[in-house]
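Structure first, commentary second.
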Amino acid sequence: MVDQRKSKNLPPKTEWETPIKVFRAIERFTYINFHPPFAENFELDPCTTDENNLKLPHFYTKKDDVLKQKWAPYSTFVNCPYDDIPTWIRKAIDEAHHGTKVCMLLPAATSEYWFHDLATQGHITLLRGRTTFKNAPSSPRFGSILVHYFQNQLAPDQLCRGIDVGVL
């Protein structure tokens, strides 16, 4: 398995906190484009800090061993640590098979095996430009994608669109 920290495409920093403005735009985009099955608001953030920066009603932090927790039945937003992306995507796919609706904010690392083998199992939305993450001195040197996983989704190659990060 590829160690994401040693990848030439991803920086050594592994946690990129989602700004609330960006999160609300992603939430709005998800509702407009994927309703149903997604509800108007996300309900679970399994990758938050102790401060629960997105203020969702349900959340997990590192202390909760989140990969062993059930995410169902909540509409879930995931901006996972970037040091083990494949494990997080597999968890999202597994949860989607059990009825959870998952939206992941991921680096647009199209040269990584997980992008082709795992991310493409969901609906990919390309984000134009670079997302500015909370408490980061500048934008990361990579672009981002959204990947939506849910039961009874279309075949992966049936949906791939782009949105401008400037809109976020």
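None of the figures in this text is laboratory data; all of them are computed from the coordinates on show. Nothing here was measured: the structure is a model prediction, and the numbers come from that model. Every residue, glycine among them, receives a Cβ derived from its backbone with ideal geometry; neighbour counts consider all protein chains shown.
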Which FRET efficiency value, to the nearest 0.05, do you get for Thr49 and Lys70 by plugging their Cβ-Cβ distance into 1/(1 + (r/R0)^6) with R0 = 30 Å?
0.90
Please give the Cα centre distance for region 98-112 versus region 31-70, rounded to the nearest Å.
14
Quick calc of log₁₀ I(q)/I(0), region 69-155, Debye, one scatterer on every Cα, no solvent, q values 0.11, 0.19, 0.26 1/Å, result -0.29, -0.84, -1.38
Principal axis dimensions, region 15-167 - Cα atoms, whole angstrom, descending
40, 32, 30
Output the antiparallel fraction of DSSP beta bridges having both residues in region 15-167, as a percent to the nearest 5.
50
